[in-house]
Every structure is written in C-alpha cells, then in structure tokens.
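Notes follow the structure.
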C-alpha cells in the first residue's frame, strides 16, 4: 500500500474482502502514519514506493502526490496496480504516463465516466478529451462498457510494442 490515509484504509479492506492477500507492505511520506496504518492492518513499513512495488503482486496507490511515484522500471509484468487519480480539482491522471506503465498485454480499466452516445465522446456538451485519448490511442485496444445506467468504464489492453494490429479507425472504441 502506497499511502496510509482514509482511502488507503478502504482499498485494503476492499481488496482483502475480494481475495486473500499476502503480507501488507506500507509506505507513506509520514513514517508515523505508515507505522500506525501497518499496525492496524497487520502490515510492515517499507522505505519507498519502489520497495512496495519490488515485493508486492498487488500495488494500491492512494496518495495526494501530483508527481509520479512509480515508473515502468519499478513494476513487472503481471503486477496489479490500482491508483486513485483525478479525485479532486487540479488533479488529473497523466494519460501517457498511465499507458507507459502498462506492459504489452497489460489491462487498463478506467472508471467513473458518464456514458456518451456520441463520437467523439462528450461530457457536459464538450468533447471528453481524456476518454478520447484512451479510446483512440495507437498503443491500446480499447472500448467503453456500460457499468450502470449512468456510469461507464474504459477497458483497454496494451498492444505489443511494434506489433499487433494497426491503430483503430476513428470511430473505433465505441461502447457496445
């Protein structure tokens, strides 16, 4: 677990409800908060985000950071990363950084979109550039799926670098 606040607590409880997990490794910028979190969840404090990623198969990130904490070199194929990104004004996922963290064949799921019947997808009357970026990126095979009547998610996989089918046609990525 990278981050030791309220959202991190919810993420750990949720993950443990869904599946058995190994030892919990915790890093936070505030060592005392990491220690308290680790004690509440029977975990161990580590010194950096990279130390969490080096040992964990599942790496949840719940932080206020506005700068990248992990890079592709810190991760490995098959590793599961869950991040809480654009959850307040001024914060925004960096789409190309998110894609750069995917190994070929890696799965990307981005939730909490408002469904759009239009192409390009729209939100509040304007083109939704973030969603369009993921749906039309040449390194991804992506689609949008309805998750509830009022919510959708973009589901994508990373193509092999330099291999795989050519980029999708402009109207691809439509939900079905």
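The values are calculated or read from the model by the stated rules, or taken from the named source; none is laboratory data. Keep in mind that what you see is a predicted model, and the values were worked out from it rather than measured. Positions of Cβ are generated from backbone atoms using ideal geometry, with glycine treated the same way; all protein chains shown enter the neighbour counts.
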With 116, 151 as the choices, which residue is touching a helix residue (DSSP H, G or I) at 6+ places or on another chain (Cβ under 9 Å), at pLDDT 85 or above and surrounded by 12 or more Cβ atoms within 10 Å (Cβ to Cβ)?
116
Could you please let me know if residue 63 is surrounded by fewer than 15 Cβ atoms within 10 Å (Cβ to Cβ) and in the same structural domain as residue 1 (by TED's automatic domain parsing)?
no
Just wondering, is there one or more residues in region 73-83 that are surrounded by 11 or more Cβ atoms within 10 Å (Cβ to Cβ) and in contact (Cβ under 8 Å) with a residue 40 or more places away in the chain?
yes
Scan region 11-28 residue by residue and report those that are in contact (Cβ under 8 Å) with a residue 12 or more places away in the chain and farther than 15 Å from residue 44 by Cα.
11, 15
Closer than 19 Å to residue 84 by Cα, surrounded by fewer than 16 Cβ atoms within 10 Å (Cβ to Cβ) and out of contact with any strand residue (DSSP E or B) (no Cβ under 8 Å at 6 or more places or on another chain): which single residue out of 22, 14 fits that description?
14
